[in-house]
Amino acid sequence: MKHKVVIIEDNLPLQEGFAEVIKATKNFELTNCYNSCEEAIERLEYDTADIFLMDIELPGMNGVEGTKLIKQQLPKANIIMVTVFENSEIVFDALCAGATGYLTKNIDPEELIDALNESIAGGAPMSIKIAKMVVSSFQKEPSKIELSKREKEVLSFLAEGNSYDSIAEALFISKNTIKFHLKNIYIKLQVNSNIEAIKKANKENLI
């Protein structure tokens with residue numbers, strides 16, 4: 001049994017190119033091609049497609065909104081975004097809308113077929129460039145704030161609820177030295193109290 005594919009793309013040469021690739025496969029059947037999401041959505045119940053190749057920048061409704069509506073009616077459908085856009089905001093908008101994968105328009109025929117097979121197998125096909133961008137966006141940037149070892153020790157003791165007296169005793173320093181360190185911590189973290197300093201230090205993974 002062949003898996004049904006619908007193409008939603010207003011660039012006719014590209015639409016025709018994708019269509020030819022799909023027609024030449026053994027596992028997939030081209031059900032229909034549309035220039036807009038509105039046209040495709042009107043025909044959803046007739047096409048009953050398994051996969052949608054979806055452009056993002058379309059006349060009228062864009063691909064992200066179209067993806068949301070299609071997924072509402074066909075929750076099991078695989079929607080692969082095929083676009084020139086590679087910025088993370090659009091990628092995440094599409095994936096949050098229910099897109100299965102995200103490919104760039106310069107993919108070659110074999111990569112397109114691989115992506116179709118991967119989506120049917122339950123995968124999330126993405127071009128290497130898109131995948132790297134998605135991964136990097138999840139990687140937390142290291143904090144640019146630097147506290148000295150002693151400043152971290154003072155702040156850690158405070159975070160545990162210790163008094164100035166007990167901190168002074170534990171670190172063998174005076175209360176005035178603790179206050180000196182705290183003044184520097186406030187300046188570095190741009191805060192005005194112990195509570196704010198502890199919160200910011202935790203947020204920045206400094207203690």
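The values are calculated or read from the model by the stated rules, or taken from the named source; none is laboratory data. From a predicted model like this one, the values you see are computed outputs, not experimental measurements. Cβ atoms come from the backbone with ideal geometry, glycine included; neighbour counts cover every protein chain shown.
Within the stretch 1-114, which helices (runs of 4 or more DSSP H) (wholly inside it) include 3 or more residues that are farther than 22 Å from K132 by Cβ and free of Cβ contacts under 8 Å to residues at least 12 places away in the same chain?
12-23
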Problem - Residues of the stretch 86-112 satisfying the condition of being out of contact with any helix residue (DSSP H, G or I) (no Cβ under 7 Å at 6 or more places or on another chain) and buried (at least 18 other Cβ atoms within 10 Å of the Cβ) - result: I90, L95
Problem - Of the criteria (1) acidic (D, E); (2) out of contact with any helix residue (DSSP H, G or I) (no Cβ under 7 Å at 6 or more places or on another chain); (3) touching a residue at least 24 places away in the same chain (Cβ under 8 Å), which one E151 fails - result: (2)
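So if I check each of V64, V21, which one is assigned by TED's automatic domain parsing to the domain that holds A124 and touching a Leu at 6+ places or on another chain (Cβ under 6 Å)?
So the residue among V64, V21 that is assigned by TED's automatic domain parsing to the domain that holds A124 and touching a Leu at 6+ places or on another chain (Cβ under 6 Å) is V21.
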